[in-house]
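> Let me begin by handing over the structure; questions about it come next.
The values are calculated or read from the model by the stated rules, or taken from the named source; none is laboratory data. If you're wondering where the values come from, they're calculated on a predicted model, not measured in any experiment. With ideal geometry, Cβ positions are generated from the backbone for all residues, glycine too; neighbour counts draw on all protein chains shown.
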Amino acid sequence: MRSSRPPTPDSAATAELSTPTVSSCRPGTLSAELRISVSRLHRQLRSQRGEADLSDGQYAVLSVLDKLGPMSPGALADHERMRPPSMTRTVNALDELGLVRKYEHPTDGRQVLVAVTEAGVAELRETRRRRDAWLTRRLSALTAEERALLATSSELLRRIAAG
């Protein structure tokens, strides 16, 4: 939805913000608007990357290992809904970058476990820092009222995402 007011230096960041109409608040219309907006925001956030410039899949694997601890490549593939050969390539690429390490499974010598390294944790931190910085800059361009509206909207989005 486009606003009818002309953009000014003070309102350039909010030029697309407009007062919702009854028709734009219908679930079908609102769902399309939200889907597009959330997708665009997600794409912008994903483009903010750390020094290693990891793919989304590589970053996701690092995040899982950081959150859940060491896992076998098969368990990682299941968790990320990837085919095992694709996960093997992802793990090998991360290993070559020094972001993960592979070691023998303690009870099954046929398997390996993959763990995030300190360099991997640092890459995760840097990527998160850059994403937070990008979003903070964008939020700083909004008015206090707009940020308050987003704070309320954020809680509503969490409820929607929770199912």
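> Would you confirm, using the coordinates I've provided, whether residue 107 is more than 17 Å from the chain's Cα centre (by Cα), of a type in the set (Val, Ile, Thr) and outside any helix (DSSP H, G or I)? Before you say what the answer is, go through the steps one by one.
Working: more than 17 Å from the chain's Cα centre (by Cα): yes; of a type in the set (Val, Ile, Thr): yes; outside any helix (DSSP H, G or I): yes.
Yes.
> I'd like to check something: does the stretch 150-159 contain any residue that is in contact (Cβ under 8 Å) with a residue 60 or more places away in the chain and surrounded by 11 or more Cβ atoms within 10 Å (Cβ to Cβ)? I'd like the intermediate steps shown before the answer.
Going residue by residue through the stretch 150-159, those that are in contact (Cβ under 8 Å) with a residue 60 or more places away in the chain are 157.
Applying the additional criterion that residues be surrounded by 11 or more Cβ atoms within 10 Å (Cβ to Cβ) yields 157.
Looking for residues that are in contact (Cβ under 8 Å) with a residue 60 or more places away in the chain and surrounded by 11 or more Cβ atoms within 10 Å (Cβ to Cβ), one finds at least one in the stretch 150-159, hence yes.
> If a residue has to be within 20 Å of residue 81 (Cα to Cα) and assigned to a helix (DSSP H, G or I) to count, how many in the stretch 44-69 make the cut? Outline the logic, then answer.
First, pick out the residues of the stretch 44-69 that are within 20 Å of residue 81 (Cα to Cα): 46, 54-69.
Of the ones still in play, those that are also assigned to a helix (DSSP H, G or I) are 46, 56-68.
Residues meeting the conditions: 14.
> Return the only residue of 137, 131, 158, 125 being assigned to a helix (DSSP H, G or I), at pLDDT below 95 and within 19 Å of residue 42 (Cα to Cα). Full working, then the answer.
Details: 137 fails: at pLDDT below 95; 131 fails: at pLDDT below 95; 125 fails: at pLDDT below 95.
Of the residues listed, the single one that is assigned to a helix (DSSP H, G or I), at pLDDT below 95 and within 19 Å of residue 42 (Cα to Cα) is 158.
> Let me ask something else. Among (1) surrounded by 18 or more Cβ atoms within 10 Å (Cβ to Cβ); (2) over 30 Å from residue 133 (Cβ atoms); (3) among the aliphatic types (A, V, I, L, M), which single condition is residue 75 missing?
(1)
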